[in-house]
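Here's the structure, in structure tokens; my notes come after.
The values are calculated or read from the model by the stated rules, or taken from the named source; none is laboratory data. Just so you know, these numbers come straight off a predicted model, no measurement behind them. When we count neighbours, we look across all protein chains shown, and the Cβ atoms used for this are built from the backbone with ideal geometry, even at glycine. Each accessible area value is taken on the protein alone, full model and side chains, heavy atoms only, with ligands, DNA and RNA left out. Shrake-Rupley method; radii C 1.70, N 1.55, O 1.52, S 1.80 Å.
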Amino acid sequence: MSSQLPLVSVIIVNWNTRDLLDDCLTSVEAQLADTPHEAIVVDNASTDGSVDLVQARFPQARLVINAENRGFGCASNQGMEIGRGHLFLLLNSDARLPDKSIGSLCELMQRDPTVGVAGPRLEDATGKLQPSAYRFGSISRLALEELGLYKLLSREHTANLLLGGYWSHDSERATDWIVGACMLVRAEVFRATGGFDRSIFLYGEEEEWCGRIADAGWRIVYSPSARVTHLGHQTTHRFFGETSRIERCLEASDRLLARHSGLAGTVVGPAVRVVGSFLKLAKVSAAR
């Protein structure tokens, strides 16, 4: 890295993903070689030799070592607190940069000062799309999805209302929130909003923060001009297990819905999920 102030601080939170972290940091070195940057690894009390790996293989990386697992949001905040870049690239340890296209997101942020957060196209190891641009949760959107009411709408209308897996992710557009596997954030946005909610250990923190960022006047933008390979849930699967991971995602969604919609969100949200589950079970039973 150059001695000049970096344009980008790449912040990677790690917990026991030593080999994946190796691949991630290797890709950052290769694909950002022409971009002034720094790598910051925040290790959440790994026991698999991750810290030794960083110290031996990537001595230029700045290392924060936590004595306990502080979760994704708190650890990301730690990295952003010491980041020297104008932009913060939050990158999961199970993600890697397949090419230099992440530079297009940096150009987007430099070109348009209204953009506070930008996200790339996420793909799995085979190149298959992983949805990464979403709408904020609401009772009406929950009902559309869980009760199957979106089937009454045109595909285009459904895609615009829900985004996520209902949208092709083939064009640049403003969105409500971006998946935290890869988020490019302005340093000034972090300073103005305080970063992720420290009370959220895992799941829901990106949506919550993007809500405050939007309230502060910045736009959140998705752009397919940049590609990032994301292996997906490698850390969380090890920590929680697949079933618990899904349950925690739903819990996070309900928690945010209650925060924004008050009593209606607390009561109606879970009720809609229950009704939706019964409808899905009835459909499966009828198909048999």
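The residue that is nearest to Thr26 (Cα to Cα), among those in the range 51-65 that are assigned to a helix (DSSP H, G or I) and among the β-branched types (Val, Ile, Thr), is Val54.
Across the range 120-161, the qualifying residues are those that are without any contact (Cβ under 8 Å) to a residue 60 or more places away in the chain, of a type in the set (Ser, Thr, Tyr) and not in a loop (DSSP other than H, G, I, E, B), and the one among them that is nearest to Leu279 (Cα to Cα) is Tyr150. Count of the range 18-33 residues, restricted to those that are part of a helix (DSSP H, G or I) and exposed (fewer than 15 other Cβ atoms within 10 Å of the Cβ), is 3.
Of all residues in the range 65-93, those satisfying the criterion of being closer than 22 Å to Asn16 by Cβ, open to solvent by 10 Å² or more (accessible area, probe 1.4 Å) and not polar (S, T, N, Q) are Ile65, Ala67, Glu68, Arg70, Phe72, Cys74.
Suppose we keep only residues that are of a type in the set (D, E, K, R) and over 16 Å from Glu206 (Cα atoms) within the range 123-144. Which one would you say is surrounded by the fewest Cβ atoms within 10 Å (Cβ to Cβ)? For the range 123-144, the residue satisfying everything is Lys128.
Tell me the residue from Pro98, Pro36, Pro59 that is open to solvent by 10 Å² or more (accessible area, probe 1.4 Å), within 30 Å of Ala174 (Cβ to Cβ) and either among the acidic types (Asp, Glu) or free of Cβ contacts under 8 Å to residues at least 60 places away in the same chain (or both), please. Break it down into steps so the answer makes sense when it comes.
On the way: Pro98 fails: either among the acidic types (Asp, Glu) or free of Cβ contacts under 8 Å to residues at least 60 places away in the same chain (or both); Pro59 fails: within 30 Å of Ala174 (Cβ to Cβ).
Within the list Pro98, Pro36, Pro59, the selection yields Pro36.
Of note, Gly232 satisfies the criterion of being modelled with pLDDT of 70 or more, of a type outside the set (A, V, I, L, M) and either on the phi > 0 side of the Ramachandran plot or touching an Asp or Glu at 6+ places or on another chain (Cβ under 7 Å) (or both).
Filter the range 177-199 down to the residues that are in a loop (DSSP other than H, G, I, E, B) and touching a Cys at 6+ places or on another chain (Cβ under 6 Å) and list them by number.
Here is the first cut: in the range 177-199, the residues in a loop (DSSP other than H, G, I, E, B) are 179-181, 194-199.
Hit for the range 177-199 is Arg198, nothing else.
Look at (1) in contact with a Gly (Cβ under 6 Å, 6 or more places away or on another chain); (2) open to solvent by 10 Å² or more (accessible area, probe 1.4 Å); (3) more than 23 Å from Leu21 (Cβ to Cβ); (4) among the aromatic types (Phe, Trp, Tyr) and you find that Phe201 fails only one, number (3).
The condition (being closer than 19 Å to Gly232 by Cα and either touching a strand residue (DSSP E or B) at 6+ places or on another chain (Cβ under 7 Å) or open to solvent by 30 Å² or more (accessible area, probe 1.4 Å) (or both)) is satisfied by just one residue among Pro113, Pro6, Pro120: Pro120.
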